[in-house]
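**Q** Structure below; questions to follow.
The values are calculated or read from the model by the stated rules, or taken from the named source; none is laboratory data. The structure displayed is predicted, hence computed values, not measured ones. With ideal geometry, Cβ positions are generated from the backbone for all residues, glycine too; neighbour counts draw on all protein chains shown.
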Amino acid sequence: MPQLIARHNPKAFKTLPLSVEANHDGLTYQALGQPLNFSEMLERRQPIEIEDAQHFSAKLANLGVSVRLTLNWQGQDHWLLVRQRRPDRGDVVLKLISGYIPTHELALPLLTAVQEVAEECLIETPRGWLAGRFADTWLPTPYAPALPYREDVAFRLTPRSGAARPVRCGSLALLERPRAYVHTPTASLQLVYDLLLELPKECKAPSLFHVDEKIENGQLLARLARQRPDLYLVALDDGKPTGELYTLSAGQRLPVSTRGLWLSESFARQDGWLVHDSRVRWRDWLERMAPQSALQRA
C-alpha cells in the first residue's frame, strides 16, 4: 500500500503566461498578463503554429523546468528519469525530473529546478533519507514529517556545462545556461538544466524512489510506493545511452525491460527552438543517440 507522505492545496499554485522573443543568438521571455491558477494554465496549453523555428515572437501558456540529472554509480554514469502517467493523453512515459515555474520564481528557474529534485528524487539509505545541497544552499526536505531525513550526510547537486545559446528573463541572463525549447503542442516554454548528483561516500547501499502526486478530492496528495520505485537509471557509455535501463535498490542495479517504452517530448528531435512531438519511442530515440551496439542490447 502506497504511503501518504504529503498533501497540498493545488489552488495555491500560481504562474504567469509568457511573451517570448527568439532568434539565432538567443531567447528572451517575460511575464505577460495576470497570474493563472493550475486549471487556467492547463486551459491555455493548446497547440500553436510557429513558421520560423529560429526567429519568432510568441505568446505562451507557461514556463516549465526540467533537470537532466547525471548520477555516477559504481564507475558508470546514468541519467535519472521518472515515470509519468498522463491520463489526458492516455499514455505513460519516462521523463526528466520536471515541474511548472510559480509566479515568484519566474526569473529564478534554477531555484525551482533544484527544488523539483528534492521533491521527485528520493534517496533512501539504511540509516534514513538524504537531504541535499546545491552549492552552499540546503534543499528543502518536503517530506520530513513522514520520512526520517539524515542530518550527518547529504547529496550534492552541481551544474554541468550549459547550452551554447543564452536564455534571458527580460534583460537578466539565466545562470547555468539551460537548454530551452518551445513545445508547440502545449504552447509552453521549457528550460532544461544539466546537473550532476553526487552521493556522499558514506552512502553504500542507496535506493531510489520517485513520489507520485495526484489530485484527489481537491487535494494534491504525494504517495511513496515502494513496490513501484518509478525512478530509473539510463546507463551511459561516454555520454551516450547504452540501451540498458535499471532501478536502484539497496545499492544494486535491477534491470528493467524497455519493450514498448516511450519517452517524453524533451527526448524528441528539436528543430531550432521548437519541439513538435509529445513523445518518442525509446528505440527511435536510442537509434538517434546511441551506437548500433546499444540497439542490439535494447
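**Q** From Ile5, Ile48, grab the single residue that is hydrophobic (A, V, I, L, M, F, W, C), modelled with pLDDT under 95 and within 25 Å of Glu105 (Cβ to Cβ).
**A** Sole residue among the options that is hydrophobic (A, V, I, L, M, F, W, C), modelled with pLDDT under 95 and within 25 Å of Glu105 (Cβ to Cβ): Ile5.
**Q** Pick from the stretch 145-171 the residues that are assigned to a strand (DSSP E or B) and more than 22 Å from the chain's Cα centre (by Cα): which of them is surrounded by the most Cβ atoms within 10 Å (Cβ to Cβ)?
**A** Arg150
**Q** For the stretch 211-223, how many residues meet the condition of being in contact with a Lys or Arg (Cβ under 7 Å, 6 or more places away or on another chain) and not hydrophobic (A, V, I, L, M, F, W, C)?
**A** So the answer is 2.
**Q** In the stretch 116-144, which residues are under 20 Å from Cys203 (Cα atoms) and part of a strand (DSSP E or B)?
**A** Leu122, Ile123, Glu124, Thr125, Gly128, Trp129, Leu130, Ala131, Gly132, Arg133, Phe134, Trp138
**Q** Tell me, which strands (runs of 3 or more DSSP E) lie completely within the stretch 1-113 with 1 or more residues that are among the β-branched types (Val, Ile, Thr) and on the phi < 0 side of the Ramachandran plot?
**A** Ranges flagged: 3-8, 18-23, 26-31, 62-73, 76-86, 91-95, 97-100.
**Q** Run Leu110 past the list (1) in contact with a strand residue (DSSP E or B) (Cβ under 8 Å, 6 or more places away or on another chain); (2) closer than 25 Å to Cys203 by Cα and report the number of the one that doesn't hold.
**A** Among (1) in contact with a strand residue (DSSP E or B) (Cβ under 8 Å, 6 or more places away or on another chain); (2) closer than 25 Å to Cys203 by Cα, Leu110 violates only (2).
**Q** Looking at the stretch 272-298, which of the residues that are in a helix (DSSP H, G or I) and in contact with an Asp or Glu (Cβ under 7 Å, 6 or more places away or on another chain) is modelled with the highest pLDDT?
**A** Only one residue tops the list, namely Arg297.
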